[in-house]
Structure formats: C-alpha cells, structure tokens
Amino acid sequence: MFWRRNKNLADEDVSPLHVLASRLGVERRFNPRAKVPENAAFVTLPTALFGDQIIRMRDLSVGGCCLWDNKEVLGPQIGQEIRLSLRWSDSEDQIQARIVSRVDHRRHIQFMDLPAGRQEQIKNLIAPGIAGLDVRPASLPLSDGPVLEAREVWTSLKGDSLTIEDDVHRVASVHIRGHDIFVMKEAWPVVKDKCPASPREFEALLLFLANIPNPSQGIKTLLAKLVKLSTARSV
Amino acid sequence: MSRLEDFRPKLRSGRVIPQGSRITFETDSPYNQIVLPMALADLILLCSGQFTVREIIEKIYKKQGAVPFRSLLIGIHLLHQGGFFENGDQLTLSSHLQSWMEPRKNRGHFAWTFKQRLDSRKRHPMAYYAMTLGLMVIGLLGLQMLPVSPIEDAAKWLEMNGPGEAALQLAILSSIFQTFRHLISATQLYLLTGKVFNLSLCLSPWGFHFRVGDEAADLSDNRLYTAMYHVSQILIGWTVAMLCWAFLPESWLYGAVLLGIVTSLWELNPFISSEGRKLARALILPNDRDVVSWHFETSSLINYVSQDLRRREHEFARICAIWGAIWLTINLAVLHQTAITFGPAALARLIGSPATAWFEWIGLGAWLGGLYFVVQAFIETILLSLVHPYWKEIQSYIRGFRSNSKETWTSEVVIKSVEHLPLFSHLHDKHLRDLIKTSEVIEFRSGDPMILENQPARELFVLLEGQVEISRSVNPGRMEWVTELGPVSVFGEAALVADTPRAAEVKAKSRCTVLRVPIHALKQAAQESQSVRHIEDFRNAILVNQFFASSPVFRSLSNVSIEFLSHRGTLEYYDQSRPVFTQGDAGDSLYLILRGSVNVSVHGKFVKKLSQGSFFGEIALIANIPRTATIETLEPSVFFKVSAEAFWEVLVQHMDLGVFIETVSETRLREDLQLASPADPRKTGSDS
C-alpha cells in the first residue's frame, strides 16, 4: 500500500532465504533426525515395540529411527528386516523396518512402509527438535560492551531462541517457530497470557532443548528439570 | 572516517534485554531504546569497539554457517541512525544518514539544547490529522494576504516605517514566527509519533527562537500523514501570519506578509533540506529502510540490487533539477524587481553620501549575495542535470579527439596495464617487453568489428580501453549475444590452443583500444620463459581472467580478491547433458560458468537457463541449506569451482558482494517458487 512507509524491523525475517527454501521444501537435508531426550515421558511421540518389548528411541526421523537395544532383542544382523510396532496415543502401527546399521547397542532402523499420514505427523512432531539443531550460543558480553540482562542467550538465524534468565520467577524463555514458552521455577511451563503449556507445546520444548548442539550446563540442567516434570506428569 | 567493513562499532553503555523473538538495547543517558530481531543478538553483543564489522561477520559465519547480510546492514544503520554508537561519527555514510542523537553541526546558528527527547507511549493520529488539516486550511487562507506587487508594497512599507524600525520589526516578528512555527511542529510530531527530539533555544539568522528537530517525522509509518506534515510546514509562514493577524498593529502587518513570502520560498528551496524537498523525498523515494544503496553508493553491484531505487533516485534528481530551475527563475525575477524598485534611490544615496548610507550598503551586499547564489546554483543545476550524466561520454570523446592512442599507449603503459594478467604474469620481464614490442596497439570506433566468425585465428587481443560485445551465430542470420568484456581482458585466445577458425564475433561496443598480440610471438615468449610449462595453463588462466573481467558481479571485486579466488578454485569440464549437482545434495561450492550453459530445474520442472558469465550454487552456501535445484549442462561446459571456504573469505571482505549474492539468491528462490511448487514428500528413505 502506497501510504505505508516504514516496517517494524523487529518483525522482519532475518533470513528470508530459509523461509523461501522451506516453502520450496528444501530447507534441510531430507529426513533430518531429532534426538529424543533420555528418560523423558512423551505422549505425542510414538513408542517403539518389538513384540511386546518396549525399546527406547534415541532419535527419530521421517525415514527411520535409532533404537537403544541393550537387551539385544532385535538381533545383530545388518540388513535384517523386522516387524516393528509404533504405539501412538490413539493407535498402534505395525510397520516393516530394516536394520541398516549397528553401533554397540544402537540399532539404526529404516522404515520401509510407514504410511504417508504418519510421515507427515512425525515431520511435524520433530520440527521443534530440528529447529534446535540450528541454535548457537550468542556471543558473551564483553567487559566494555553492553550488559546482557540474562545468563545465556542462544539464537538461530531462523528466529528461534532460548534465554536462560536471571529472574526470581522465570528460569528460561524459549521462542520456537513463532511461539513463546516460559519455564517457571517450581511450576509448569506457560505460554502467552500465562496459560499452561499444552502437552504438545511441552514436548516441543523438550525436543528443542535436547537437540541444541553442544549444550551448556545451564541447558542441561534445564532439560533435566523438564524431563523430571514430564515423568512426574506421566505418573 | 572508515568504510563500513573497517568500522569498529562501539555501543553506548546500556542494557541488552532478550525478549523472545526480539532483543532490546536500551541506554540510560540519554534514554533511548531500539528493538531488533533476536537473530541480531551477536551483532549487538559484539559492538564493543574491539571488532570491526568484518570481524563480526566472520564470527557470525563461523558460528552459524551463514550470515544475514541485509539484516546486519539494516541493524547497523538503525543503531547508527538512532545514535546508539558512541563512535558513530567515525563511520562514512551518506550525508542524509544522520543520527538523531548526535549533536547536529550548527550551520550559522547557536543552539542550547535543553531537552533531547520527549517521549510519550501514546500516539494520537486523529488529533494530528485534524490539527494538520486545520493548519493547512489556515495557511491556504493566509495566502490571500499575498500582495499583487509585493516588492512595491515592501518599498512603501519601508518608507512608512524607516529602515531601522523595519529591520527591528522584522527581527522581532521573525523570532515570534519561528517560535510559533516550532511549537506547532512539536505539537504535530508529538501527536503523530509520541516523540519529539532536540528541543533547544536557538540564535540564528531567523532570530532568537525556540527550535525543535523534525527527526521524529521519520518514525511515522504513514506516508499520507508525513506528506501532510511537510505541506503544513511549507505553508506555516502564512498560517502563523493568519493566526497573528488579529494581534499585530497595522504597521507591522506587512512585515508578517513579508515573512510569510520569505518562509514559503525558503521551504520550497530544492537546494537545501527544506520541507519541500523532504516532501518530494517522502513521496518519490521508497521505504527508507532500504539502506543498502546508501551504504554502498560507489558499488556497481548495487545497481543490480536496487535497480528500482536507482531509477527513482534519478527521477528524484531530475525533478529537483527542474524544480530548482523554476525556483531560481522566480528568485531572479524577485532580484530583478528589487533592483528596479530600490536600485535608483539606493545608488543615488550610495554615490551622494556613501559614509552614512549604511542601510543601502547592507542592502547592496545582500542583493549581490543573492544574485551570486542564484547564478551559481543555476549553472550548477544545468551542469549536474545536463552535463554530469554524460560526462564519461564527453571525456571519452574529447580524449579520442585530442590524443592519438599510439602516443598514449606507450610500451611502458601497456606493460603496466597487462602485467597482472595471468596470460602475461607467467612471463619474465625481458620476454614480456619483447612481446609487447612485437604487438600492436589498435583503435576501434563504436560498432567496428574486431573479430569475425570463421576467420582464421592468428592473434589474440587484449582490451585496454572501452567495451566489446561477443556474439555467435546460432542460426543463419541470427546472432546470439554471449557476453561483454571490459578492460583489461583478453579475447580471441582460442588461437592459442589450435589453429581453428573463430567461433564467435567480437565487436566494439564503444570506442576501444586493443593490443593485438601475434600468437607465434606469444608461444615463443612462453617457450623461452621457463616459468611456463604448458599452453593449457595459459588457456585456463585466460578463461578465468576473462570471466572476472566480464562478469558485472565479480568485476568490481578488488584485484586481491580476484587473485585469491583465481588461485583457490579449480576448473571443471563437463560434456553435454551431464548433471553437475542434484536438488537436495549438500552444497559445498560455487560454480562460475566460464564456457557453456546449464539448465536449472526444481522438482523436475525447468526453471531457467544460465550461460557464460553467470554463476550458480550460491544459495546453498549463503543460506547453509542443501542444493535447491538440479543443474545439468546443455552443451560442453567449463566451470570454475570455488569452495565454500574461499567463497566466504571473499564475502566477509566485501559486504556489498554478500548483499548482492543474498539478493540474487532471494530472487532466484522466489522465481523457483513461482515456477515449480514443491513435490510430495519423499517416501521412506534411508537416513538413519
């Protein structure tokens, strides 16, 4: 519109190339993997079962997953095809899978016939984890530079961020794909207008934090606290 | 004063407050605040005065694997414009990029700033609209006071009051006018933006008055309101005159009218930062956040980035030139009428009693000063609008007319021009001199053919001056443009490899001077000079050099950067219909097309063709994402492959290249989106 002149820079995309590339469907390599935090109880992500044995999932992508088979139930053969169950909150899928590699107790599994609908579902669920992969620590404030009113700041060029606060009530603020989540001391995380975070938002937070590369002690502590909350919730 | 890349930004002391997707930087003394995207947090935290902008970019690249050049540039600009840099005056910027909080250099006036900023959180746009509309209406009504013959009325008024009293009345009225004017302006800006800057008491040629800066007008996000503000300020003299009408004694009324005339003329002056000029800028030039071209005015790359802005700037300059000519003509008419009305009596007094005619001396001085300004501005306007745009052509013509190329291009001059070329840099000095002696300097006029297709090739050429165009026939009677070359570059080098006929035609695009080098002499020099082993090395070096000389993008890089890239890349040869890379592959290099052409396809759909002189593969590098397209050769092709590491080393040294590549990438991605929508997600693939 002719009469509009200035735009608010704070709302502009810093990296429009990522936005355009994601619309084109080439933002990241195909089938990126998101790490699943250990000991966290998820309701939205599927649980992997072989027979009636639950096998912990270490990471998940649209193409497959990595399972921690410390009881050696899946067998040692690389290339072996297996029948795997993925248990969701509302149903269970039996899918054909192949063991494509093996390192110690880790079994890298390729999904061979995962339905398209589930692929899309996994893609959406792990998106926060993928966002976490691009996050890096902001530079530390220098002695003769401006003072940072937070303990740590982590950012990505796509606009996602994590701030570990120096506040009496608030532990951290996270911004993932346009949504803000605030982690409070001794309370459930909240979103805008102080509403409690939904299970999906909470688990998005867990995945985001778990996938930040080279996390600091602050992030590890924060993640541990949230994992404990998730297990307390499930009990 | 430093270039942007060498500037060491140092923020004033303040606080950085992260807030979700945004980060706020706040200073206390004076209070000021700016909100930027969170992704620019590194920029803010590194502005401590220790690192140059170049070093900051390097750090961001090493951490994130990519750099948002445009956003960084806009962030730096906003920080600078907002006065957040302690050392902002060290940065070389265009003259109109001035900081609100830096003390303005007072030109011809003294000011005491008693309040830097008034800040209210609220805006009142409707109140502003009503007030400004009212002011404009009053101003237009005030125009009725404009006399039919103002100069004659001024003479009568002077006669009635006497020169001394008239001068005193004008001084008092002018101070009152300016104070009222700035009070009105402050109220308007406060209603519109909630902010007012730089409130001061000022002693200037207008008198002693209250003054307020109009920087807050830039904060308005509505062009209509901004335009109304400037129009009301142009008419402000008449507005104030109308408002004062009821209160002024009759003998003072003409002084008010005179001030109205002078103020309006002054605010319509296109040669200063007047309200009229600001109005034209606000209406003609686009969003002032598009600061890329302001920071890189001398970069030819910006012509590709901001073509629309460049076109509008030229339009703006033309409008100002025409407007300036009209304004100067009006002033000449005023000076003429003044001379007729006052001249005879004044001259008579000056001649009769020069010692006591002090008022006449002042008047004569002012009149001569006005005449000088008008004539000088007139000549400048004509020179700038008619001569300057064509200055290069005029120079080239004069140079061609006056000098003989052979006299200008002596052996020493030629050697100095060509010795850095890869073709000649391999040769020892003695062999190079002997080679130059056997070569010939030839001049071509615009349009002259230099090489014809299918001619035998027995020499190569070095373009020393001018521009040439290379084309080849694709069908009988139809020529396809291949590329253009500028100085200093080599063409016709195919003769170096084999004795085959010419595969393309070369024509002079402008007046050219070339060095014709016989091939047999070059080969002999190469053999005698033991540093050259293979003719193939020569050919490769020429291909690379030709690309950098002809590419409009890379031509503007420094010689150091070109040499750096030339030594860090590798030549790759592809047959026809060979894939170079596939969509989704990891991207680790940029490809420059030295010869041939390629097909670009996205999700299996053809998007475009790229030919010699162009490049591809940049999107994956600049955005740190997989390949966004599949590239396949259309004919046997030669590419110069530059690694990501080398690519980024050059980008951090040339921010304008970074901005350009980013803009090209964005344009290409948008085209891809328009032409090829994404395919369905892949079915199961192995990625575990």
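Every read-out reported here was derived from the displayed coordinates using simple, explicitly stated rules and does not represent laboratory data. Note that the structure is a prediction, hence the values are computed from the model and not measured. Don't worry about glycine lacking a Cβ; one is built from the backbone with ideal geometry, like all the others, and counts go over all protein chains shown.
Things worth noting here:
- Between A:Arg151 and A:Ile164, A:Glu165, A:Asp166, the built amide H atoms are under 5 Å apart, and every one of these is 5 or more places off in sequence or on another chain.
- Residue by residue, the stretch B:145-155 carries 3J(HN,Hα) couplings of 6, 5, x, 6, 10, x, 5, 5, 5, 5, 4 Hz when phi is fed to the Karplus relation 6.51 cos²θ - 1.76 cosθ + 1.60 (θ = phi - 60°); x denotes Gly or Pro.
- Cβ-to-Cβ counts within 10 Å put B:Trp245, A:Trp68 in ascending order as B:Trp245, A:Trp68, the fewest first.
- Amide H contacts of B:Phe208 (H built 1.01 Å from N, under 5 Å, at least 5 apart or other chain): B:Ser175
- The C-alpha atoms of chain A define a longest principal axis, and helix A:199-210 lies at about 90 degrees to it.
- Tail weight of P(r) past 16 Å, computed on alpha-carbon pairs of the stretch B:582-628, percent: 41
- Taking the helices alone, the protein assembly as shown has a mean residue ellipticity at 222 nm of -13500 deg cm²/dmol, built from -39,500 (n - 2.57) per DSSP H run of at least 4 residues and averaged over all its residues.
- Counts of other chain beta carbons within 10 angstrom of each beta carbon in peptide B:7-20 average 5.
- When the listed pairs A:Lys123/A:Lys225; B:Lys63/B:Lys416; B:Lys509/B:Lys609; A:Lys225/B:Lys63; A:Lys35/A:Lys158; B:Lys195/B:Lys278 are checked against a 31 Å cut-off, the alpha-carbon distance exceeds it for B:Lys63/B:Lys416.
- Cα-derived Rg over Rh, computed across the stretch A:164-235 with Rh taken as Kirkwood radius: 0.92
- Taking packing as the residue-averaged number of other Cβ atoms within 10 angstrom, the listed peptides B:232-242, B:369-379, B:167-177 run from highest to lowest as B:232-242, B:167-177, B:369-379.
- Computed from backbone phi, the HN-Hα couplings of the stretch B:156-171 come to 5, 5, 5, 5, 5, 9, x, x, x, 5, 4, 4, 5, 4, 4, 4 Hz, rounded to whole numbers (Karplus: 6.51 cos²θ - 1.76 cosθ + 1.60, θ = phi - 60°; Gly and Pro given as x).
- Inter-chain Cβ neighbour count for A:56-67, averaged per residue, equals 2 (cutoff 10 Å, partner chain atoms only).
- Kirkwood hydrodynamic radius (C-alpha pairs) into Stokes-Einstein, the protein assembly as shown, 10 °C and 1.306 mPa s, D in µm²/s: 47
- Order of B:Ser637, A:Ser161, B:Ser611 under a 10 Å beta carbon neighbour criterion, fewest first: B:Ser611, B:Ser637, A:Ser161
- Mean Cβ count within 10 Å, highest first, over the residues of peptides B:154-166, B:70-82: B:70-82, B:154-166
- Table column - 3J(HN,Hα) (Hz), the stretch B:611-620, Karplus curve with 6.51, -1.76, 1.60, x for Gly and Pro: 10, 3, x, 9, 8, 8, x, 7, 5, 4
- Kirkwood Rh and Cα Rg combined as Rg/Rh, the stretch A:72-203: 1.11
- Per residue, the Cα convex hull of chain A amounts to 178 Å³.
- Listed peptides B:583-592, B:412-421 by packing density, highest first (mean Cβ within 10 Å): B:583-592, B:412-421
- Nonlocal amide H pairs with A:Gly64, under 5 Å, H built at 1.01 Å: A:Phe111
- Taking all Cα pairs closer than 8 Å and separated by 6 or more residues, the relative contact order of the stretch B:121-259 comes to 38 percent.
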